[in-house]
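Each remark here refers to the structure printed beneath this line.
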Amino acid sequence: MSWERKWFTTRPGAAVAFTLAYGGYVVGPYLDGVKSWSALISAALLALGFTLLLRSTSTPSLGFSITTSLISGTTSTTKRIGAAAVTAGVLWGVWTAWSTASQVGSELLRNDTVAVMLSAMLIAVFGGGALVKAVTDPVVEEVYSLPDGPNRESALTLIRSGGRTIGLVERGLLFAFLAAGQPEAAALVLAAKALARAPVDHVNHASKYFLIGTLASVIAAMVMSVAARAAVGLPVL
């Protein structure tokens, strides 16, 4: 919340206070343990560090009615102190979570199901991109062969409007939902894309490109999710 509302630059005092208050609320039930206090200290160091790093010259204080020499110092000095606080917070957090994180990481590395699912997802996302390109290239060639005019420009605009990035995200989400056995959620992804990318005016080639690319992404995600679920002993659907 502090980051999204840019409190680290506009209201640094509120950002630090909110971080400490929410951090205390989260670790409150576990304050009898050393790691809980360590986590809270790490969060406080990170909040203070980002406040100093992102503080603009027009924000001379932390947002309270008092100022300190630390906060009102030169920009370069303040940023160096902020970088040191962020580094200390990260190192403190790593030290706090190392034992648990290393145990979880070790279990994930030895887990065959995770390896199969991750491999299948990568094939669906990036291998599926090759499939999409192969089936949509003829449509792109048709568009470039059209005579100059509004239809050609409209089709080219839609084709060039971030199709690769959207396709990567789309196949990743489709695979994740299908592999998790939630085809209804996968349908919502397709519905959201259709609403966002449907041409306002009817452009035949652009619509064809959009439809063929989406169907190829669905096929890639579905095939790899079925294969992955079958490989780990789950029902294919």
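I'm trying to understand the selection: among the residues of region 147-174, which are farther than 21 Å from A221 by Cβ and either polar (S, T, N, Q) or open to solvent by 50 Å² or more (accessible area, probe 1.4 Å) (or both)? First the steps, then the outcome.
Step one: list which residues in region 147-174 are farther than 21 Å from A221 by Cβ, which gives 147-161.
Across region 147-174, the qualifying residues are P147, D148, P150, N151, E153, S154, T157, R160, S161.
For residues in region 48-72 being more than 14 Å from G13 (Cβ to Cβ) and surrounded by 14 or more Cβ atoms within 10 Å (Cβ to Cβ), which is modelled with the highest pLDDT?
Looking at the filtered set, the residue picked out is G49.
Are any residues in region 147-194 modelled with pLDDT of 80 or more and outside any helix (DSSP H, G or I), and if so, which ones?
Those that are modelled with pLDDT of 80 or more and outside any helix (DSSP H, G or I): P147, D148, A180, G181, Q182.
Restricting to region 118-146, give me the number of residues that are hydrophobic (A, V, I, L, M, F, W, C) and either at positive phi or open to solvent by 40 Å² or more (accessible area, probe 1.4 Å) (or both). Please lay out each step first, then the result.
Taking region 118-146 as the starting set, the residues that turn out to be hydrophobic (A, V, I, L, M, F, W, C) are 118, 120-126, 130-132, 134-135, 139-140, 143, 146.
Next, only the ones that are either at positive phi or open to solvent by 40 Å² or more (accessible area, probe 1.4 Å) (or both) stay: 118, 121-123, 126, 130-131, 134-135, 146.
Adding up the residues that qualify gives 10.
The values are calculated or read from the model by the stated rules, or taken from the named source; none is laboratory data. Computed from a prediction, not measured in an experiment: that's the story for all the values here. Ideal geometry is used to build each Cβ from the backbone, glycine not excepted, and the neighbour counts take in all protein chains shown. Note: areas computed on protein heavy atoms with side chains; ligands, DNA, RNA excluded. Shrake-Rupley method; radii C 1.70, N 1.55, O 1.52, S 1.80 Å.
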